[in-house]
Structure formats: structure tokens, C-alpha cells
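Working notes for the structure below.
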Amino acid sequence: HCAGLPVVRGRAVDLDASLPFSVVRRLFEPSLRSAGRGSGADPRAERALNGLTTRLRGSTAPLADGGTAAIDAVVDGVEALADVVGPMVVTLDDGQWADARSLRLLCYLADRAAELPIVLAVALRRGELDDVLVARFRAAAGARVLEPKELSGEGVARLVARRLPGAGPELTAACGRVTGGNPFLLCELLAAVEAAGIAASPEAAARIERLAPR
């Protein structure tokens, strides 16, 4: 749950790019299936699931040409879920790997978010997605863009101390220098230090350069 709201969560993978609507189906079909079954089953959820599956499975029509059926199916699914669980948060991680049709549908949901019972959060890696789609997400009504920054020196020190107790200032400074404060790279570097069994000592700083990811 996020701020007391139920979360519909999904993550794109690199294989999704060649599978039309794969990400949208993975986002909504499991929740609709769950809402349409059991003692508290909601008939609208079951109808929405059938509509989503029928309209999206095997579809290759671009959204600009016959795509209104796909849009209607997703909106029906969101509204049907809201009838069961109430307002919700819909999140997609690694959106840069999602198929183009799913991303266009999510852009449409972003445009309609003020009218629908959802908060939509999409994480995208910069430089790996069509700039037009990125611009559409940014331009959606009420959109808020969050761009994580590099860790500060204090942030690097706290993370190093958590993973490598006893690390001194030389080792901490080396970790920050070779990763530029990038949290992902820093975690990968610290994992490599742990895997190599390198003791947290001043001498270890000299080995950091060789372990740092490219």
C-alpha cells in the first residue's frame, strides 16, 4: 500500500518491447482476475478482464488506427478495479523496456489521471526511450517529474558504513570517487568488495579502481 492506497505494480523487461500490450496486460489482468473471483467477486471486474484480454491479445493495430478499443478496455479495467478496491496507485518500473503500445496507453491514462481514480507512477531511464513519449508523460495534466540526484558525500559514507562496517575515510572516498555517487553503481561496487572478501582497510582503497563497474 502507498499512503493507504492499494498498489497495482508492474515492471517491464527487455523482452517486452516486441510483445504488443504485454506490459499493460501484466499490470491489470492479475488484479482484475482476482477481483472477479471468490466470494466477493465483482461481475464488472470479470467483464473488464474479458474485454481487456479480447481486445489486446494478438492486437497489432496502432493506437492511432483502431486503437480506441484498446484505450476503452484499459479505462474499463481501471474503473472496474476502482469499484472493488477504491482509488489506487499504478506503478511501472523500468518503463524504458516496455512495448510502445503499452507506453502509449499509459500516456493516455496519464492524460486522464485527473478524471480516473488512480495515481500513475512510471519510472523511465533517461536516454533509452522515444523523446516524444517522454515529453507526453511530462506534459500530462498534473504531472510531476522526479529526477534522482547523485548521493552526497554524506550519503555515500552512510551507505558504505552500512555495507562495510569499519570502512575508513580513504575507502569511503574511493567508493564515492569511482562511482560518482550513483546509488546503483555504488551498491554494485560494494557487492563486489564483499564478494572478493576485501577487508575494510585503508589499503583496500587502492583496489577499488579495479573492481569498479564500467
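Coordinate-derived values only; no laboratory data. Values in this document were obtained by computation on a predicted structure and should not be read as measured data. Glycine gets a Cβ as well: all are built from the backbone with ideal geometry, and neighbour counts include every protein chain shown.
Brief remarks on what is shown
- Total charge dipole magnitude, the chain, about the Cα centre, Cβ charges on Lys, Arg, Asp, Glu only, Debye to nearest 20: 200
- Restricting the calculation to Cα atoms, the stretch 98-152 shows an Rg/Rh of 0.99 when the hydrodynamic-style radius is the Kirkwood one.
- Residue list for the stretch 20-35, given a label point 7 angstrom along the Cα-to-Cβ vector of residue 7 and an amide N cut-off under 20 Å: 23-35
- The H on the amide N of residue 88, modeled in the peptide plane, is under 5 Å from the matching H of 118, 119, each at least 5 residues off or on a different chain.
- Residues whose amide H lies under 5 Å from that of residue 151, counting only those 5 or more places away or on a different chain, are 182; hydrogens are built 1.01 Å from N in the peptide plane.
- Under 5 Å from the amide H of residue 164 lies no amide H of any residue 5 or more positions distant or on a separate chain, with H modelled from the backbone and absent for Pro and chain starts.
- Global geometry of the stretch 136-214, whether rounded, prolate or oblate, following the gyration tensor of its Cα atoms and the 1.5 cut on a/c: prolate
- Simple spin-label estimate for residue 188 and residue 29 gives 3.2 nm between the two label positions (7 Å along the Cα-to-Cβ direction from each Cα).
- Alpha-carbon Rg with Dmax, taken over the chain, Å: 22.0, 66
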